[in-house]
1. Using alpha-carbon pairs under 8 Å, 6+ residues apart, how would you state the relative contact order of the chain in percent?
2. Would you mind calculating the gained length between residue 106 and residue 158 on full extension (0.36 nm times residue separation, minus the Cα-Cα distance), in nm to one decimal?
3. Note down the magnitude of the dipole of the chain about its Cα centre, charges +1 on Lys and Arg C-beta and -1 on Asp and Glu C-beta and zero elsewhere, to the nearest 20 debye.
4. Which one of 112, 170, 47 is farthest out on the positive end of the charge dipole of the range 38-180, using unit charges on Cβ (Lys, Arg +1; Asp, Glu -1) and the Cα centre as origin?
5. Between 87, 32, 160, where does the largest GNM mean-square fluctuation fall for the chain, given springs only between Cα atoms within less than 10 Å?
6. Show which lysines lie in cross-link reach of residue 52 when reach means a straight Cα distance below 24 angstrom and same-chain residues fewer than eight apart are skipped.
7. What distance in nm separates the simple spin-label points at residue 69 and residue 129, each placed 7 Å from Cα in the Cβ direction?
8. Counting other beta carbons within 10 Å of each Cβ, put 61, 2 in order, fewest first.
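Values in this text are rule-based calculations from the coordinates and carry no lab data. Predicted, not measured: the structure shown is a model, and the values here were computed from it. Counting neighbours? That spans all protein chains shown, and the Cβs are built from the backbone with ideal geometry, glycine included.
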Amino acid sequence: MMALAVLLALCLSVVVYLVGIYNGLVGLREGVKVAWANIEVLLKQRHDELPKLIDACKRYMIFEQETLEKVMRARSSISEATAVRNVAAVGAAEGELRSGIGRLFAVAESYPDLKSDATFKQLQGRITALEESIADRRELYNDQANLNNIRIGTFPDVLVAHQFGFRPAQLLEFSPEETRDVDVGSLFRA
């Protein structure tokens, strides 16, 4: 009778332990989803602001059509990648967009009327603030994804993760162009 009670207590302890592991894994998985949703909100806000910036620039930058088109193509690529939750494609498109926006702001230096335009200044400030927020959220997302990935690969959690189909989260990585040093001088050549 005592052996049965000990065996039952041991089984119950194992079940409670496994449920704890499962609940922890669910919490991490949901943390990754929330972190990604926060990035999507900021990407959407920036997505909505970019056409306004392009319109403000078009009035002044008639010879810089290629720069404006590059920004809009990258904006479209991010939108498409975000819609299908393709983290790698978002990272690549982000690099293109950041490059295009940097070039756009640098080229704007050659247009004094544009630089002094209140709408342009407001949009430039808004997009710059969104860029900083997106960078912060990227870091948070990658931290959450990393915690998730470590936990589902660690024993004994790996057993529960495998049994219930938990998958690693993809890190939001950037293109080599985005992570290399910026040639500031080239930004001022028109």
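1. Values: 154 pairs, mean separation 59.8, N = 190.
Reported relative contact order: 31 percent.
2. Values: separation 52, 0.36 × 52 = 18.72 nm, distance 4.93 nm.
Here the segment from residue 106 to residue 158 would lengthen by 13.8 nm.
3. 380 debye
4. Result: 47, furthest along the dipole toward the positive end.
5. 160
6. 44, 70, 115, 121
7. Modelled inter-label distance: 3.3 nm.
8. Numbers: 61 18, 2 6.
Going from least to most buried by this count: 2, 61.
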